[in-house]
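Only one structure is covered here, and it is reproduced in the block below.
The values are calculated or read from the model by the stated rules, or taken from the named source; none is laboratory data. Just so we're clear, the structure is a prediction, and the values are computed from it rather than from any experiment. Ideal geometry is used to build each Cβ from the backbone, glycine not excepted, and the neighbour counts take in all protein chains shown.
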Amino acid sequence: MTFQDLILKLSTFWASRGCLLQQPLDLEVGAGTSHPETLFRVLGPEHWQVAYVQPSRRPDDGRFGQNPNRLFKHHQFQVILKPSPDEIQQIYLDSLEACGINPRQHDVRFEEDNWESPALGAWGIGWQVMLDGLEITQFTYFQQVGGVNLAPVSVEITYGLERIAMFLQKVDNVFDLEWAPGVKYGEVRLREEVEQSKYAFNQDTGIPADEFAAFHRSQFDANYAFAGRLADAKLLLPALEYALKCSHLFNLLDSSGSIGVTERTAYILRVRQLAVRLCREYAAEAEAAAAAKAELAG
Amino acid sequence: MDRELLIEIGTEELPARWLPGLTAQFGARLEARLSEWRMPSAEPIETFSTPRRLVARAVKIPERQSDFEELVMGPPVSAAVQGDGQLTGAGLGFAKKQGVEPSALERVETPKGIYLAYRRHLRGKATVDVLPDVLAAALRDLQYPKQLRWDAQIEDGRGELLSGRPIRWVLFLYGGRVVPFDITRTASASSPLVQDIRSGAVTFGHRFLTTSGRAGRAIKVKGFDDYRRRLAENFVLVERGERHDRIARELDAEARRRGGRVEVSPAGQDALAEVPDLVEYPAVVSGAFPEEFLQLPAEVLTTTMIHHQHFFPLVTDHGTLMPAFLAVLNMEPEKPETVARNLERVLTARLRDARFFWDADRQQTLEQHRARLATVAFHTGLGSFRDKADRLEPLARWIATDVFGHPEAADHAAAAARLCKADLASNMVRELTELQGAMGGIYARQEGLPEAVWKAIYHHYLPTAVESTGAPSRADLGDAAITWAAVALADKVDTLTGMFVAGERPTGSRDPYGIRRAAQGLVRILADLPELTGVHAAIPIDRLTAKAFEAFAGHAGLADAVAALAVFLGERVASVFEQRGADVRNVRAVMTGQHALVPLTIRRRLDVLPEFTDTAEFKQLAVLFKRVRNIAKQLPEDSFRAIEAGGGALSALTDPAELALRDDIARRAPAIRHAVDAGDGYRRAFGEAAAFGPAVAKFFDDVMVMADDPAVREARLTLLRRLEALILQLADVSEMVPQSDS
């Protein structure tokens, strides 16, 4: 099964289970959770089912294309079900079968692994799903997002697409994966990995460290201030985009070694305050909209 | 008639590390609630569990609650009954409130007088009607390390039901019949795919294994024996012990097949502790990894296998690692070799990563890693680990030189302290955090640093156990014993003083910064210092803390921190010795009245004290000493000191008994003082103290302490104060008065 076949199989499976197929957030983010289809939609009472691929950038994991398992950018297949169906574990196992993984021939386990994103004021309880000792999925019952308690509780299922494809294709180097028939993952992405890693760690750029840091700091500050202005205007979706840019800029400052400890904490706190503000306002709007709808119906 | 109660709470996978505690809790809570509801189990409740179920079984529960009698108190007779015996308004009101005729009331005598009362009889309800409340209460009682909200509720008036993981089914049988019980779902989650959970007579087998039909289908059961048999048929072993033994047996057999043996607990990591709680139906497979990885440090290999994959490393008969591992599956796979190949690939990928880190880290010296510690946070109020390392260096040097009296070890101690945190900036420790310390030690060894330095770095997080036999041993430490102790103490005392200055205090079970562990380690090193290092100094804790606090001069929280830390460390010292098995009263006795907290002398006194506490002589002294302390209070401490400083006032003593006591004190004092000054000879000292009994007894029999003549009174009180001060240097013996005599 090629990398793109895997995406198609999962998309078909979840669409058949009532999920809306969304598209990736067209911004630089570290995980599918940052997508408003997750971050905002899990707030408030309205039920929602959605699935999408999210290319996810982790500057710190960049390895210049030399590590067979680690990438600056990898792909997540993200599923959000709100509320979480009773049979969700079984449905998930069925999705593996749809991808050609027969749980009766492997050791599939749900091992405790809770999830937390301090920068998003978010946490949840759940497992990492292990397939013959390989972590292939993060499975989380969201409890809070942006500091807001969630009711109903959403389940987030995040498949690591490269990992699963490597398992299915029995390859030990991600760049050897078959993306499409006759096309290797490395052909599609290797150059991007090399260049993005050099950028993330500010290596071979010829840009002095202080200039690199100063540029990203000023970008952070400008985006941060602008996110606040947009939030003041109640434009929560554009405001979230600027907040996510801040989050990514912070990751770059961190990976390039541009910030110290105290500053690091302060940056995380600033992103968190923004995320909490946006989520609170979105939740309040969602509650009000649901109440209005109930009144109309009643 | 008594009948069997069987409850199974079917859940999604519970965390393995919670399972043993949670299982015990479930049994204990049910037992407590059954007793509270007056239908106690005739025998202890049996409990079982797998990652997907908590099970409790009571062999015999009565069919009805026992009847209940309650005495409802009314008004006092003086206010409720008139002279003619008729009830007053208050009395009639009480009868009416109880819904009975006045004639049904009785009179009850209480310490406050005679009262009107009504004795109400309640007939016990049928057990089956009460059991739902029992289970609801027991589920509410369960305490999880982390609670999950999952849109569930019980209709018991207490709203939302939180639990460790979602509950999927409830098997609830009493006498073979289903007890009705519902967990309902909140309105906001209501949907066709989110349903109430209703109790039933069914359980579920293994997720994937079955002998017939579809795996995971409902299985109807009649009672416990049937339940257990049907589950075994469906690949679930409900007894943890059975899973554990099966795993141990298969590991052993598979290891022998591979020509090695299993290293179950290398370096104190008990690999078998969690595995039985990760599986319902264990089977063992083995695999291999390329021999080239054996060049990695053994610590890296075992940590990767045990912590990250729950694999068991294989070793040869000589204890050296083999390029092979065993793994416990929750499966009996059709093709075990396929699963084994997959496990090998995962492990090899991890080891390849580890080798990358190993190679990359060694491109730089620890000194270079140390430079990057500025970006690793220690605590927001206390800066980075670089700041911490900068504090540790002079502190460790000072401990080696001034505290231990070993200036020749000072340079090595300082060098080790300077580098001990450097591995936190290494790739390996960022990935395998369990290897902090050990990895730094290994890198230091690779760089060719002396044993006194690298071993000090390697072990500086230790000790973590309170027992005197816990790691590290003198043999582990080799030439590094003294430098290790200096660095380990410096690290712990810096953490303690720093965290207290920053306002951190461990509360309840919460201790995110490991403050309690640091205190425990500090106490242990000081208490076992001679055995660990050959240094015989008896070191007061506050000597170390006072020095460490100097680094935080000018901090706002300093004054509070000094006072709070002293109290906290006193508690931790007591706790360490109690955990080591010392009697609580003995601990209190040797710690009361001491001017300084010196773990080594506390330990030495506790070592010999139990030899005396049960002797008749000592018990006599304990009772008398309590009296001594009570009376001696009449002479304030400073007056006593002034009198003693002025050369004493014992010339007013005349009675033979008091003169005898005076002489007894003079005779026995040197041995006691010697023990206290030298820090040993406590056995002889306690022997001398115990022998005071007769003289003190005679003194109290013959002499009236509070004499009318102020000079005589003062002399007698001074004598008692002197005795008190002498014995208090050993222990507050009065703490050991037997309960019945106190």
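Enumerate the pairs (first residue in segment A:172-185 and modelled with pLDDT under 95; second residue anywhere and of a type in the set (Lys, Arg)) with beta-carbon separation below 9 Å, excluding pairs fewer than 6 apart on the same chain, so at least 6 apart or on different chains.
Sorted first by the residue in segment A:172-185, then by its partner, the pairs are A:ASP172/B:ARG345; A:ASP172/B:ARG352.
Filter segment A:1-24 for residues that are in contact with a helix residue (DSSP H, G or I) (Cβ under 7 Å, 6 or more places away or on another chain) and outside any helix (DSSP H, G or I); which is farthest from A:GLY100 (Cα to Cα)?
Out of the qualifying residues, it is A:GLN22.
Are there any helices (runs of 4 or more DSSP H) wholly within segment B:655-742 with 3 or more residues that are closer than 15 Å to B:VAL628 by Cα and in contact with a Leu (Cβ under 6 Å, 6 or more places away or on another chain), and if so which?
Output list reads B:693-702, B:710-728.
Of all strands (runs of 3 or more DSSP E) completely enclosed by segment B:162-266, which ones contain at least 1 residues that are crowded, with 16+ Cβ neighbours inside 10 Å, touching an Asp or Glu at 6+ places or on another chain (Cβ under 9 Å) and within 14 Å of chain A (Cβ to nearest Cβ)? Show your work before the answer.
Working: elements: B:167-174, B:182-185, B:202-204, B:218-220.
Per the criteria, B:167-174, B:182-185.
Would you please name the residue that is farthest from B:ALA189 (Cα to Cα), looking only at residues in segment B:143-161 that are among the charged types (D, E, K, R) and part of a loop (DSSP other than H, G, I, E, B)?
B:LYS146
Within segment A:136-149, work out how many residues are of a type outside the set (A, V, I, L, M), touching a Lys or Arg at 6+ places or on another chain (Cβ under 7 Å) and at pLDDT 95 or above.
1
Please find, among B:ALA152, B:ALA117, the residue that is farther than 20 Å from B:ARG29 by Cα and in the same structural domain as B:TYR227 (by TED's automatic domain parsing).
Values: B:ALA117 fails: in the same structural domain as B:TYR227 (by TED's automatic domain parsing).
Checking each option against the conditions leaves just B:ALA152.
If we scan segment B:673-692, do we find a residue that is in the same structural domain as B:ALA731 (by TED's automatic domain parsing) and over 21 Å from B:LEU606 (Cβ atoms)? Quick ask: steps written out before the conclusion?
Residues of segment B:673-692 in the same structural domain as B:ALA731 (by TED's automatic domain parsing): B:673-692.
Filter once more, keeping what is over 21 Å from B:LEU606 (Cβ atoms): none.
The answer is no, given that none of the residues of segment B:673-692 is in the same structural domain as B:ALA731 (by TED's automatic domain parsing) and over 21 Å from B:LEU606 (Cβ atoms).
Output the residues belonging to segment B:487-529 that are part of a helix (DSSP H, G or I) and in contact with a strand residue (DSSP E or B) (Cβ under 9 Å, 6 or more places away or on another chain). Reasoning before the result, please.
Of the residues in segment B:487-529, the ones part of a helix (DSSP H, G or I) are B:487-501, B:515-527, B:529.
Result: B:THR495, B:GLY498, B:MET499.
Sort out which residues of segment B:281-329 are out of contact with any Ser or Thr (no Cβ under 6 Å at 6 or more places or on another chain) and assigned to a loop (DSSP other than H, G, I, E, B), and write them in order of number.
Once the filter is applied, which keeps residues that are out of contact with any Ser or Thr (no Cβ under 6 Å at 6 or more places or on another chain) and assigned to a loop (DSSP other than H, G, I, E, B), segment B:281-329 yields B:TYR281, B:PRO282, B:PRO290, B:LEU296, B:PRO297, B:HIS310, B:THR316, B:ASP317, B:HIS318, B:GLY319, B:THR320.
Of all residues being more than 27 Å from B:SER66 (Cα to Cα) and acidic (Asp, Glu) in segment B:1-45, which is nearest to the chain's Cα centre (by Cα)? Just the residue, please.
Going through the qualifying residues, I end up with B:GLU13.
Among the residues of segment B:641-667, what is the count of those that are at pLDDT 90 or above and closer than 13 Å to B:ALA725 by Cβ?
Residues of segment B:641-667 that are at pLDDT 90 or above, as a first pass: B:655-667.
Adding the requirement that they be closer than 13 Å to B:ALA725 by Cβ leaves B:665.
Going through segment B:641-667 one residue at a time, the tally reaches 1.
Among residues belonging to segment B:335-375 that are of a type in the set (Lys, Arg) and away from chain A (no Cβ under 12 Å), point out the one that is surrounded by the most Cβ atoms within 10 Å (Cβ to Cβ). It would help to see each step written out before you state the result.
Initial filter on segment B:335-375 (of a type in the set (Lys, Arg)): B:335, B:341, B:345, B:350, B:352, B:355, B:362, B:370, B:372.
Among the residues that remain, those that are also away from chain A (no Cβ under 12 Å) are: B:362, B:370.
Numbers: B:ARG362: 14, B:ARG370: 23.
Looking at the filtered set, the residue picked out is B:ARG370.
Only one of (1) surrounded by fewer than 19 Cβ atoms within 10 Å (Cβ to Cβ); (2) not assigned by TED's automatic domain parsing to the domain that holds B:GLY534 fails for B:GLU658. Which number is that?
(1)
Can you say whether B:GLU332 is within 13 Å of another protein chain (Cβ to nearest Cβ), more than 24 Å from B:ILE442 (Cα to Cα) and either outside any helix (DSSP H, G or I) or of a type in the set (Gly, Ala, Ser) (or both), as far as the supplied structure shows? Walk me through how you get there before you give the answer.
Values: within 13 Å of another protein chain (Cβ to nearest Cβ): yes; more than 24 Å from B:ILE442 (Cα to Cα): yes; either outside any helix (DSSP H, G or I) or of a type in the set (Gly, Ala, Ser) (or both): yes.
Spelling it out, B:GLU332 is indeed within 13 Å of another protein chain (Cβ to nearest Cβ), more than 24 Å from B:ILE442 (Cα to Cα) and either outside any helix (DSSP H, G or I) or of a type in the set (Gly, Ala, Ser) (or both).
Quick test of your reading of the structure: A:ARG264 fulfils all but one of (1) of a type in the set (Lys, Arg); (2) more than 14 Å from chain B (Cβ to nearest Cβ); (3) farther than 17 Å from A:VAL145 by Cβ. Name the failing condition by number.
For A:ARG264, the failing item is (2).
Those residues that are of a type outside the set (A, V, I, L, M, F, W, C), touching a Ser or Thr at 6+ places or on another chain (Cβ under 7 Å) and in a loop (DSSP other than H, G, I, E, B), I need them from segment A:25-43; list them, please.
Answer for segment A:25-43, where residues must be of a type outside the set (A, V, I, L, M, F, W, C), touching a Ser or Thr at 6+ places or on another chain (Cβ under 7 Å) and in a loop (DSSP other than H, G, I, E, B): just A:GLY30.
Within segment B:611-628, how many residues are in contact (Cβ under 8 Å) with a residue 40 or more places away in the chain, assigned to a helix (DSSP H, G or I) and within 21 Å of B:TYR682 (Cβ to Cβ)?
Within segment B:611-628, the subset in contact (Cβ under 8 Å) with a residue 40 or more places away in the chain is B:611-613, B:615, B:617-628.
Of the ones still in play, those that are also assigned to a helix (DSSP H, G or I) are B:611-613, B:617-628.
Imposing the further condition that a residue be within 21 Å of B:TYR682 (Cβ to Cβ) reduces the set to B:611-613, B:617-622, B:624-625, B:628.
Counting residues in segment B:611-628 that are in contact (Cβ under 8 Å) with a residue 40 or more places away in the chain, assigned to a helix (DSSP H, G or I) and within 21 Å of B:TYR682 (Cβ to Cβ) gives 12.
Need the failing condition index for A:LEU168 against (1) without any contact (Cβ under 8 Å) to a residue 60 or more places away in the chain; (2) within 14 Å of another protein chain (Cβ to nearest Cβ); (3) assigned to a helix (DSSP H, G or I), just the number.
(1)
Results for (1) hydrophobic (A, V, I, L, M, F, W, C); (2) away from chain B (no Cβ under 14 Å), shown as yes or no for each residue.
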| residue | (1), (2) |
| --- | --- |
| A:ALA227 | yes, yes |
| A:ALA239 | yes, yes |
| A:TYR242 | no, yes |
| A:ILE259 | yes, no |
| A:ALA284 | yes, yes |
| A:GLU287 | no, no |
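Would you confirm whether any residue within segment A:34-45 is among the charged types (D, E, K, R), within 29 Å of A:PRO181 (Cβ to Cβ) and under 16 Å from the mean Cα position of the chain (by Cα)? Walk me through it before giving the result.
Step one: of segment A:34-45, the residues among the charged types (D, E, K, R) are A:37, A:41.
Checking the rest, the ones that are also within 29 Å of A:PRO181 (Cβ to Cβ) come to none.
Scanning segment A:34-45, I find no residue that is among the charged types (D, E, K, R), within 29 Å of A:PRO181 (Cβ to Cβ) and under 16 Å from the mean Cα position of the chain (by Cα), so the answer is no.
Name every residue in segment B:143-161 that is surrounded by 13 or more Cβ atoms within 10 Å (Cβ to Cβ) and of a type outside the set (Val, Ile, Thr), in order of residue number. Show your work before the answer.
At the first step, the residues of segment B:143-161 found to be surrounded by 13 or more Cβ atoms within 10 Å (Cβ to Cβ) are B:144, B:146-154, B:156, B:161.
Within segment B:143-161, B:TYR144, B:LYS146, B:GLN147, B:LEU148, B:ARG149, B:TRP150, B:ASP151, B:ALA152, B:GLN153, B:ASP156, B:LEU161 meet the criteria.
Kindly list the number of the only condition in (1) touching a residue at least 24 places away in the same chain (Cβ under 8 Å); (2) surrounded by fewer than 21 Cβ atoms within 10 Å (Cβ to Cβ) that fails for A:ARG104.
Result: A:ARG104 fails condition (1) only.
Helices (runs of 4 or more DSSP H) wholly in segment B:9-127 with at least 2 residues that are farther than 30 Å from B:ASP277 by Cβ - which ones? Walk me through how you get there before you give the answer.
Details: elements: B:19-36, B:77-80, B:89-98.
Filter on segment B:9-127 gives B:77-80, B:89-98.
Determine which single condition B:TRP37 fails, assuming it passes every other condition in (1) more than 14 Å from chain A (Cβ to nearest Cβ); (2) surrounded by fewer than 21 Cβ atoms within 10 Å (Cβ to Cβ); (3) farther than 15 Å from B:VAL128 by Cα.
Failed condition: (3).
Name the one entry in B:ALA632, B:ALA669, B:ALA691, B:ALA675 that is more than 19 Å from B:GLY593 (Cβ to Cβ) and among the small types (Gly, Ala, Ser).
Numbers: B:ALA632 fails: more than 19 Å from B:GLY593 (Cβ to Cβ); B:ALA669 fails: more than 19 Å from B:GLY593 (Cβ to Cβ); B:ALA675 fails: more than 19 Å from B:GLY593 (Cβ to Cβ).
Selected residue: B:ALA691, the only one of B:ALA632, B:ALA669, B:ALA691, B:ALA675 that is more than 19 Å from B:GLY593 (Cβ to Cβ) and among the small types (Gly, Ala, Ser).
B:ARG17 - would you say it is more than 30 Å from B:LYS220 (Cβ to Cβ), surrounded by 15 or more Cβ atoms within 10 Å (Cβ to Cβ) and either in contact (Cβ under 8 Å) with a residue 24 or more places away in the chain or not basic (Lys, Arg) (or both)? Please lay out each step first, then the result.
Working: more than 30 Å from B:LYS220 (Cβ to Cβ): yes; surrounded by 15 or more Cβ atoms within 10 Å (Cβ to Cβ): no; either in contact (Cβ under 8 Å) with a residue 24 or more places away in the chain or not basic (Lys, Arg) (or both): yes.
So B:ARG17 fails the test.
Being surrounded by fewer than 20 Cβ atoms within 10 Å (Cβ to Cβ), in a loop (DSSP other than H, G, I, E, B) and more than 8 Å from every other protein chain (Cβ to nearest Cβ), is that true of even one residue in segment A:78-90?
no
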